[in-house]
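Below: one structure, written as structure tokens.
Just so it is clear, none of the values below were taken in a lab; they were calculated from the coordinates. Remember, it's a predicted structure, so these values are computed and weren't measured experimentally. For neighbour counting, all protein chains shown are included, and Cβ atoms are generated from backbone atoms with ideal geometry for every residue, glycine included.
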């Protein structure tokens, strides 16, 4: 007997795809396959949720399209959702042509040992110093670097909070 599973809602996508992809990624945040899967499902979840709730716009901040929903998430919930979009799109298309993109190509991601100027220093830098560890970094077009696991964590926590707050 074969079990049949289907994905019909954003909630099911969150439970069956996004959460497992993110948990796999957390086990090895330098594995590019796991990064691509986690980033992609964290990003595309907004499209699933929009389709699930488009007939009840109050559930999705009165957004009229998935683009509006994405913009709301970036502007009001988690600015890192914009960079996550760029990572997902770059890994799908390799080259980005959007003027708003923070990266141009997928090969701006590199796994390497981090330096003292890289990472999330806004939070208790000395308590959680990550320099010298193997991390996957994305070099932004403006010359700055971000640790991809930090970006993914911020977006995952956004989604987790929104699912709880909105009873999705």
What is the stretch 1-58 by shape, rounded, prolate or oblate, if you read a ≥ b ≥ c off the alpha carbon gyration tensor as root eigenvalues and call it rounded for a/c under 1.5, prolate for a/b larger than b/c, and oblate otherwise?
oblate
Within the stretch 6-20, backbone nitrogen closer than 12 Å to the virtual label 7 Å beyond the Cα of residue 56 toward Cβ
none
Estimated inter-spin distance, residue 107 and residue 75, nm [label 7 Å along Cα→Cβ]
3.7
Residue 134 to residue 16: FRET efficiency via 1/(1 + (r/R0)^6), r the Cβ-Cβ distance, R0 30 Å, to the nearest 0.05?
0.50
Spin-label zone in the stretch 29-64 - amide nitrogen under 18 Å from a point set 7 Å from the Cα of residue 165 along the C-beta vector:
43, 45-47, 49-50, 53, 57-64
Rounding to the nearest 10 and keeping the result within 0 to 90°, find how far the Cα-based axis of helix 80-93 lies from the longest principal axis of the chain.
90
Taking max minus min of the Cα coordinates of the chain on each principal axis, largest first, gives extents in Å of 48, 44, 34
Most to least packed among 6-19, 52-65, 32-45, 151-164 [average Cβ atoms within 10 Å]:
32-45, 151-164, 6-19, 52-65
